[in-house]
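Below is one structure, written out as structure tokens; comments come after it.
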Amino acid sequence: MADMRRISCEIEFFKWFEMTCKIDNQIESLQVIINKWYTTSNKVVESITPPLEGINIPIAGTVIKASPFKEKSDKSAAFVTSADIDRVVEQNNYSNQILHVISRQIEDTKPIISRKPTPTSTSSNLLRLILKDLRLKESFNSPMGS
């Protein structure tokens, strides 16, 4: 920056960046993981996140029920039943599954995010651009008759 001020040269940032930096092996920053979700209505849904309906999660030889939305079984009852607690557990299972999917997506992007741009050897192109800018300034500043 000090050198550019010293020689009174201005270069647009994006021109400079394009000429001096290059990202090798550029790939998508988010790698999509498609999952098969088994719904409680015996459908198979392929998507990144679970569908907004009840799902069955097979874990260690058992099937865990998970559901995004549940209501209290008997809203007029003053006490909580075991069925009501089961509904809360199903919602927690669903929330845990969503968090697991999100964490897997984040873990898959970590190595890609940490990759930094590597400088390229285009200093001669940058020097040409600076000299061209200087010549233009000199031509505008020189008297008409010379």
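Odds and ends about this structure:
- Phi angles across the stretch 65-79 convert, under the Karplus curve 6.51 cos²θ - 1.76 cosθ + 1.60 with θ = phi - 60°, into 3J(HN,Hα) values of 8, 9, 9, x, 10, 9, 10, 5, 4, 10, 5, 7, 6, 7, 10 Hz, Gly and Pro given as x.
- Placed amide H near Asn35: partners under 5 Å, 5+ positions off or other chain: Ser47, Ile48
- Pairwise FRET efficiency - Asn96 versus Lys70, Cβ, R0 = 25 Å, nearest 0.05: 0.95
- Placing one equal scatterer on every Cα of the stretch 26-114 and applying the Debye formula, the log10 ratio I(q)/I(0) at q = 0.13 Å⁻¹ is -0.54.
Taken together, the values in this text are just the output of simple stated rules run on the coordinates, not laboratory data. Model, not experiment: these values are computed from the prediction. Positions of Cβ are generated from backbone atoms using ideal geometry, with glycine treated the same way; all protein chains shown enter the neighbour counts.
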